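Below is one structure, written out as structure tokens; the observations come after it.
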Amino acid sequence: MKHTEPLEIVKSTGDRNTFSLEKLKRSLEKSGAGPAIVSEILHKVQLELYPGITTAEIHKKVHNLLKKEKSAYASKYKLKKALYELGPTGFPFEQFIAEVLTYSGFSTSINKIVEGRCVSHEVDIVANKDGSTIMVECKFHGDRKKYCNVKIPLYIDARYRDIKAIWDQALGRKPLREGWVVTNTRFTTDAITYGTCTGLYLLSWDHPSGHALKDKIDALGLYPITVSDLLSNREKQFLLSREVVLLRQLKKDTFYLDHLEVSPDRKERIMEEIETLCPQEQES
């Protein structure tokens, strides 16, 4: 039965929200599906909605419908879930963010020990661009219910200030411009307020508006291998263990697919999916 009245759905956090057909439509459009497919899927989903349905159920229905149309549509639609799969250690997420920065014009180093005025710090990513340096701390959560609260930017801000206190004393260093906190989930309101107040740059799935992590990934065509519906979980874990975090990396070198003894037919379909998601080298 098609619902026309406001419908209450249950989010992964347990909170209840009013279902937004317009929001679902935007997500479908971002998958790359054309207007006819978007319209058809919206119609089918509306017929299966009921009060109290979970967002996970809705996403699963939409994902399956997109997959029937084209695997690349389904892969792009599941981007948010794919970021949670860059675990469980979180190191693949750090590598992924380093790649996002690299394709944005930065030169990057991962897991660097940096001296502060008081103590030394292990910094997830040190990145340089346009004559200045940024320090990036990545906070990965495998559980979408976990948000980054104000304690995270408080802690990172203290570390950043300790490093900045002596950073420019070393000869040849590019000026330390900014501290970043990046997460695959979301920041609480207090965390964003504190970051804004202190000058920390906070980057999450949906913040800052228009320049969030999801926007950067789409703009650069930097999809993690975990978005693929054609690669098995075993194959994804193998690739991540070899520090292959981007689908684009497989486009450049199919060595790992050959090593995994992927059949020629499936390899062709995987490469077609990659070409659809990453049609050309994109630079910021």
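The values are calculated or read from the model by the stated rules, or taken from the named source; none is laboratory data. Here the structure is a predicted model, which is why all the values come from computation and not from measurement. Glycine also receives a Cβ, built like all others from the backbone with ideal geometry; neighbour counts cover every protein chain displayed. The area values use the complete protein model at the heavy-atom level, side chains included, leaving out ligands, DNA and RNA. Shrake-Rupley method; radii C 1.70, N 1.55, O 1.52, S 1.80 Å.
When the range 1-34 is filtered for residues that are open to solvent by less than 50 Å² (accessible area, probe 1.4 Å), of a type in the set (A, V, I, L, M, F, W, C) and closer than 26 Å to Tyr223 by Cα, the ones remaining, listed by number, are Leu24, Leu28, Ala33. Condition check for Leu257 on (1) at pLDDT below 90; (2) part of a loop (DSSP other than H, G, I, E, B); (3) crowded, with 16+ Cβ neighbours inside 10 Å; (4) not hydroxyl-bearing (Ser, Thr, Tyr): one failure, at (2).
Just one of the numbered conditions (1) at pLDDT below 95; (2) under 24 Å from the mean Cα position of the chain (by Cα) is not true of Trp180: (1). Could you tell me which residue of the range 123-164 is farthest from Asp15 (Cα to Cα), considering only residues that are open to solvent by 50 Å² or more (accessible area, probe 1.4 Å) and not charged (D, E, K, R)? My answer is Ala158.
Selection over the range 211-230 of residues that are farther than 16 Å from Tyr84 by Cβ and in contact (Cβ under 8 Å) with a residue 24 or more places away in the chain gives a count of 7. Say whether the condition of being over 28 Å from Asp215 (Cα atoms), out of contact with any Leu (no Cβ under 9 Å at 6 or more places or on another chain) and β-branched (Val, Ile, Thr) is met by at least one residue in the range 104-112. Looking for residues that are over 28 Å from Asp215 (Cα atoms), out of contact with any Leu (no Cβ under 9 Å at 6 or more places or on another chain) and β-branched (Val, Ile, Thr), one finds none in the range 104-112, hence no. Looking at this structure, is Gly32 modelled with pLDDT under 90 and touching a helix residue (DSSP H, G or I) at 6+ places or on another chain (Cβ under 9 Å)? Taking the combined requirement at face value, the residue satisfies it. Among the criteria (1) among the β-branched types (Val, Ile, Thr); (2) closer than 25 Å to Pro279 by Cα; (3) open to solvent by 40 Å² or more (accessible area, probe 1.4 Å), the one Ile37 does not fulfil is (3). For the range 46-80, enumerate the residues that are among the basic types (Lys, Arg), touching a residue at least 40 places away in the same chain (Cβ under 8 Å) and open to solvent by 30 Å² or more (accessible area, probe 1.4 Å). Scanning the range 46-80 gives Lys67, Lys70, Lys76, Lys80. One residue stands out in the range 88-115 among those that are among the small types (Gly, Ala, Ser) and open to solvent by less than 10 Å² (accessible area, probe 1.4 Å): the one that is nearest to Tyr155 (Cα to Cα), namely Gly90. Within the range 33-81, being more than 23 Å from Trp205 (Cβ to Cβ) and in contact with a strand residue (DSSP E or B) (Cβ under 7 Å, 6 or more places away or on another chain) holds for Pro51, Gly52.
Of the residues making up the range 230-282, those that are of a type in the set (Val, Ile, Thr) and farther than 22 Å from Ile217 by Cβ are Thr254, Val262. Check off (1) buried (at least 16 other Cβ atoms within 10 Å of the Cβ); (2) outside any loop (DSSP other than H, G, I, E, B); (3) modelled with pLDDT under 90 for Val262 and give me the number that stays unchecked. In the conditions (1) buried (at least 16 other Cβ atoms within 10 Å of the Cβ); (2) outside any loop (DSSP other than H, G, I, E, B); (3) modelled with pLDDT under 90, Val262 misses (2) alone.
Checking Ile156, Ile217, Ile225 one by one, the residue that is over 30 Å from Ala74 (Cα atoms) and of a type in the set (A, V, I, L, M, F, W, C) is Ile156 and no other. Residue pairs whose Cβ atoms lie under 9 Å apart, sitting 6 or more positions apart in sequence or on different chains, and linking a residue in the range 176-197 that is within 18 Å of Leu213 (Cβ to Cβ) and among the β-branched types (Val, Ile, Thr) to a partner that is part of a loop (DSSP other than H, G, I, E, B) and open to solvent by 50 Å² or more (accessible area, probe 1.4 Å), are Thr183/Tyr147; Thr185/Asp143; Thr185/Arg144; Thr185/Lys145; Thr185/Lys146; Thr185/Tyr147; Thr188/Tyr147; Thr188/Asn149. Looking at Lys145, is it more than 30 Å from Lys78 (Cβ to Cβ), in contact with a Ser or Thr (Cβ under 7 Å, 6 or more places away or on another chain) and not hydrophobic (A, V, I, L, M, F, W, C)? Answer is no for this residue.
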